[in-house]
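Take a look at the structure below.
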Amino acid sequence: MSGYIVDKGFYSSFARTQLYRMKPIQMVDLKSQYQKIKNEIDTAVIDVFESAAFINGQPVQQFAKALSEYLDINHVVPCANGTDALQIAMMALGLQPGDEVITPSFTYIATTEVVALLRLKPVFAEVNKKTFCIDADSIRSLITAKTKAIVPVHLYGQSADMEAIMQIAEEYNLFVIEDNAQAIGCDYTFSNGIKKKSGTTGTIGTTSFFPSKNLGAYGDGGAIFTNDDRVAEKLKMIANHGQSKRYYHDMVGCNSRLDTVQAAILNIKLRELDNYIAARRKVADYYDHAFANNKKITAPYRDEKSNHVFHQYTLILEGTDRDGLNQYLASKNIPSMIYYPVPGHRQKMFDAFDGKNDDLEVTDWLTERVISLPVHTELDEEQLRYITSSVLEYVQ
Ligand SMILES: *Cc1c(COP(=O)(O)O)cnc(C)c1O
């Protein structure tokens, strides 16, 4: 690939080293990605400024419509961020304090924090050791008379086993809220051959447009999706101070809007989403190939029911020092991350919640062994060669 952005001062000081030619490696390279769509983005943003429709301007409705078409779902309700999306979803289902919500502990904190914020009770389920997503048998074992909802997370870009989860939900009459912040664009195939976008099977799906997400804005953003007309009305009202008619507030809501500037940017980036996913998959394929013969490295499992959109490329390491690798890579200017160093059931935040379930062997096992390598749309072969050879120098 050509067209690197070369900072001359930086590079001249590294002349004759390997870094001389190579673009610095980042977990996510949003600067280079922007350069490729700069003209379109700049025009769209300036249009918003000139229209001065800063709140709920036309791009917001345009984006909601475009995303609903992309996902093949009836309603998309834009909101301020992915955490709000989860909160509004839970509020719309009329859950009461003390109701139990089954959710993985092995996830970003937003998923479980919102449960606690609403004074619902988080009950942590185990994850599948291969897919990193919530385990259906574990869900089943945790159901009580107080269980009201299941919140699966499509972690790292691959869908949880929605067929099994929906079966349990139907059996026990539970709501399902899919946290799709990491997997937008992923397809899940049911055993009858029906294919759906992740986040569109449950009662409600939520997502985040945090800049580093697969569909990222240039600031915060989020959205909630549903096929249920009544749920959609409630979601819209709650996101707008509980009002359906201005100044008449029928229920307690909040103020959560997608910014018009962000919507204008997302309209452009949504058109690129499938290309972005393809670029991420190419990176994952390269890594898979490079690590295939190393017994200490388990590359991400590819579930045949769900294609992987590689929000993260996460390895499981055995028989080697994971944190040592993290430091070794850092010493070679290669970022790597531990997602996440402390699982939910070990966070102090939940100390006051009795019966949340602390017995999570797989979650604890994974927490000590996972490491995520850079994956984004702008990685080139030279960078990938340098990353993989560095990993293999350490993990022998
Ligand atoms: C990013 C993320 C969120 C929260 O999104 P924000 O927009 O940062 O509020 C929620 N759940 C998961 C799994 C995420 O990765």
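The values are calculated or read from the model by the stated rules, or taken from the named source; none is laboratory data. Please read all numbers here as calculations on a predicted model, not as lab measurements. Please note: Cβ atoms are built from the backbone with ideal geometry, for glycine as well, and neighbour counts cover all protein chains shown. Calculation scope for accessible area: heavy atoms of the full protein, side chains included, ligands and nucleic acids excluded. Shrake-Rupley method; radii C 1.70, N 1.55, O 1.52, S 1.80 Å.
The table for this structure:
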read-out: Near pairs, Cβ below 6 angstrom, 6+ apart or cross-chain, from the stretch 351-376 (touching a residue at least 60 places away in the same chain (Cβ under 8 Å)) to any residue that is part of a helix (DSSP H, G or I) and of a type outside the set (Ser, Thr, Tyr); value: Lys356/Phe350; Asp358/His345; Leu360/His345; Val375/Arg280; Val375/Val283
read-out: Sole residue being within 16 Å of the ligand (Cβ to nearest atom) and touching a Pro at 6+ places or on another chain (Cβ under 9 Å), chosen from Leu67, Leu117; value: Leu67
read-out: Yes/no for Tyr156 being within 16 Å of the ligand (Cβ to nearest atom) and surrounded by fewer than 22 Cβ atoms within 10 Å (Cβ to Cβ); value: no
read-out: From the options Asn240, Asn293, residue that is open to solvent by less than 70 Å² (accessible area, probe 1.4 Å) and not small (Gly, Ala, Ser); value: Asn240
read-out: Residue that is surrounded by fewer than 17 Cβ atoms within 10 Å (Cβ to Cβ), within 25 Å of Asp47 (Cβ to Cβ) and away from the ligand (no atom under 16 Å from the Cβ), where the choices are Arg246, Arg271, Arg230, Arg302; value: Arg271
read-out: The lone exception for Ala92 - which of (1) of a type in the set (Gly, Ala, Ser); (2) in contact with a Lys or Arg (Cβ under 7 Å, 6 or more places away or on another chain); (3) within 14 Å of the ligand (Cβ to nearest atom) it fails; value: (3)
read-out: Residue pairs meeting the criteria (Cβ under 7 Å; at least 6 apart or on separate chains; first in contact (Cβ under 8 Å) with a residue 24 or more places away in the chain and under 25 Å from Ile277 (Cβ atoms), in the stretch 306-332; second in a loop (DSSP other than H, G, I, E, B) and of a type in the set (Val, Ile, Thr)); value: Phe310/Val375; Gln312/Val375; Tyr313/Val375
read-out: Residues located in the stretch 117-144, provided they are more than 24 Å from Glu163 (Cβ to Cβ) and either open to solvent by 10 Å² or more (accessible area, probe 1.4 Å) or of a type in the set (Phe, Trp, Tyr) (or both); value: Leu117, Leu118, Arg119, Lys121
read-out: Ile168 vs. criteria surrounded by fewer than 24 Cβ atoms within 10 Å (Cβ to Cβ), free of Cβ contacts under 8 Å to residues at least 60 places away in the same chain and more than 10 Å from the ligand (Cβ to nearest atom); value: yes
read-out: Positions within the stretch 24-69 being among the β-branched types (Val, Ile, Thr) and surrounded by fewer than 15 Cβ atoms within 10 Å (Cβ to Cβ), in sequence order; value: Thr43, Ile46, Ile55
